[in-house]
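Everything on this sheet refers to the single structure shown next.
None of the figures in this text is laboratory data; all of them are computed from the coordinates on show. Keep in mind that what you see is a predicted model, and the values were worked out from it rather than measured. Positions of Cβ are generated from backbone atoms using ideal geometry, with glycine treated the same way; all protein chains shown enter the neighbour counts.
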Amino acid sequence: MSDFDPSQDPTHAARTATALIGHGEAERTLLDAFNSGRLPHAWLFTGPKGIGKATLAFRFARFILKQKEAGAGAFSMFDEPAPTSLDVSPDDPLFARVASGAADLVTITRSWDDKAKRWRKEIGVNDIRRLQPFFHSTAAEDGWRVVIVDAADEMNRNAANGLLKILEEPPQRALLLLLAHAPGGLLPTIRSRCRVLKLRPLGEDDTIAVLSRCLPDSERDERLALARLAEGAPGRAVALHEAGGLDLYRQIVDLVANLPRIDAVKLHAFGDKLARKGEEGAWQVFTDLLGWWLARGVRAAASGVMPPPIVPGETQALTILPERCGLDRSVEVWENVSGLIARADSVNLDKKQVVLNVFSLLERAAKPA
């Protein structure tokens with residue numbers, strides 16, 4: 001029997017979200033397209049992971065499933081005004097059906113591997129084949145059928161070709177919403193058959209507003225730090241909060257704040273923690289944040305503009321490598337650290353030893369020539 005908890009569905013938060021903050025322009029674009037009576041059958045929502053693409057997709061899906069006819073002509077026929085918002089009330093029965101997966105909506109994501117107890121690394125062709133019976137069935141809502149692919153750039157080649165066949169001959173009254181964090185990885189023929197809608201990272205205030213809803217028990221200073229750490233991606237901020245990412249970032253900054261000297265006791269304790277069984281999630285967050293911190297320092301040095309601090313001591317820590325070894329050497333260090341971590345993950349090296357090697361590399365780079 002599967003121990004899969006549906007509430008851990010990666011789209012759960014997006015499909016149950018009651019509001020979307022910071023993407024008013026994108027919402028107007030979708031609403032105008034619908035009201036024009038010439039709604040494209042396929043859309044490609046692009047932008048960094050965690051900025052709200054899935055939340056917008058489910059919001060638009062609910063709106064579409066509420067409509068019995070396509071486009072503004074249907075409203076003028078009955079002297080009804082064209083809709084001015086994508087809102088569907090959380091009290092509407094359709095909202096609950098979408099949240100539970102019972103509406104005329106199919107969501108394609110990386111499927112759950114019950115044997116390995118983890119999400120698969122890519123969307124496969126069998127996931128796309130689920131659409132065949134869906135499109136051949138009668139719409140229960142007596143209207144549209146909607147497909148959300150999250151994320152389309154996670155499809156393997158066979159899955160992408162299967163989806164392309166559907167895009168080439170789309171069913172009547174069907175809407176396909178493809179989400180992509182890195183759209184350049186999609187087949188050009190898929191991109192060309194979709195209308196592209198680019199979503200941008202949220203501003204700091206909007207990100208904090210989202211976090212106030214998602215993390216109501218958090219302090220404002222924590223929400224501000226998470227907003228800056230996630231660079232305008234509330235979904236990433238929430239994920240970092242749940243994984244203890246802010247505390248890990250504080251520890252990284254604390255370790256590098258006195259380069260080229262690193263507290264050996266703290267470093268070994270940090271390595272022990274990350275190497276401990278059951279801390280695989282923390283390891284992934286650490287490696288992501290360390291590479292991000294190095295890139296952040298390089299960008300600051302190249303632009304001459306220091307970003308607002310996330311945690312105390314960060315501003316000084318960001319300047320150490322560029323000031324001590326120069327911009328070109330800092331870029332090289334960043335690349336070497338990234339390569340070391342990638343090799344460690346590919347051949348499953350001892351995580352503590354990798355931590356020690358990485359910080360040793362930083363020490364050597366920060367020492368005077």
**Message:** Using square roots of five times the C-alpha gyration tensor eigenvalues, list the equivalent-ellipsoid semi-axes of the stretch 181-323 in whole Å, biggest first.
**Reply:** 29, 19, 18
**Prompt:** By count of other Cβ within 10 Å, fewest leading, how are 53, 273, 266 ordered?
**Reply:** 266, 273, 53
**residue 338 paired with residue 168, simple spin-label distance in nm, labels 7 Å along Cα-to-beta-carbon** = 3.6
**Prompt:** Can you list the aspartates and glutamates whose alpha carbon sits under 13 Å from that of residue 351, skipping same-chain ones fewer than 8 residues off?
**Reply:** 272, 279, 280
**Prompt:** Once phi is turned into θ = phi - 60°, what whole-Hz ³J(HN,Hα) does the Karplus curve with 6.51, -1.76 and 1.60 give for every residue of the stretch 190-206, x standing for Gly and Pro?
**Reply:** 6, 4, 5, 9, 10, 7, 8, 10, 8, 9, 10, x, 6, x, 4, 5, 5
**Asked** Any idea how far apart residue 135 and residue 82 come out in nm if each label point goes 7 Å out from Cα toward Cβ?
**Response** 2.8
**Prompt:** What's the Cα-based Rg to Rh of the chain, Rh via Kirkwood?
**Reply:** 1.02
**Asked** Considering only the other residues whose Cβ falls under 13 Å of the Cβ of residue 350, what net charge follows from Lys and Arg at +1 and Asp and Glu at -1?
**Response** +3
**Message:** Given an 8 Å cut-off on Cα distances and at least 6 residues of separation, report the relative contact order of the chain as a percent.
**Reply:** 16
**Request:** Report the residue, chosen from 160, 26, 82, that carries the largest GNM mean-square fluctuation when the chain is represented by alpha-carbon nodes joined by springs under 10 Å.
**Result:** 82
**Asked** Leaving out same-chain residues fewer than 8 places away, which lysines sit with a Cα under 18 Å from that of residue 198?
**Response** 49, 53
**Message:** Could you give the length gained by full extension between residue 191 and residue 295, i.e. 0.36 nm per residue of separation minus their alpha carbon distance, to one decimal place?
**Reply:** 34.5 nm
**Complete:** Ranked on Cβ counts within 10 Å of their own Cβ, fewest leading, 108, 208 go 208, 108
**Prompt:** Under a straight-distance cross-link criterion of Cα-Cα below 19 Å, which lysines are reachable from residue 117, leaving out those fewer than 8 residues away in the same chain?
**Reply:** 277
**Prompt:** How large is the convex hull of the Cα atoms of the stretch 287-369 per residue, expressed in Å³ as a whole number?
**Reply:** 92
**Long-range amide H partners of residue 148 with built H, under 5 Å** = 106, 107, 108, 177
**Fill in**
Here, residue 111 and residue 306, labelled 7 Å along Cα→Cβ, have an inter-label distance in nm of 5.3
**Request:** Lys and Arg at +1, Asp and Glu at -1: add these up for the other residues within a Cβ distance under 14 Å of residue 307 and post the number.
**Result:** 0
**Message:** Run lengths n ≥ 4 of DSSP H only: what is the helix-derived mean residue ellipticity at 222 nm for the chain, with -39500 (n - 2.57) per run over all residues, to the nearest 500?
**Reply:** -17000 deg cm²/dmol
**Request:** Return one number: the angle in degrees, 0 to 90 and rounded to the nearest 10, between the long axis of the Cα atoms of helix 351-366 and the longest principal axis of the Cα atoms of the chain.
**Result:** 60
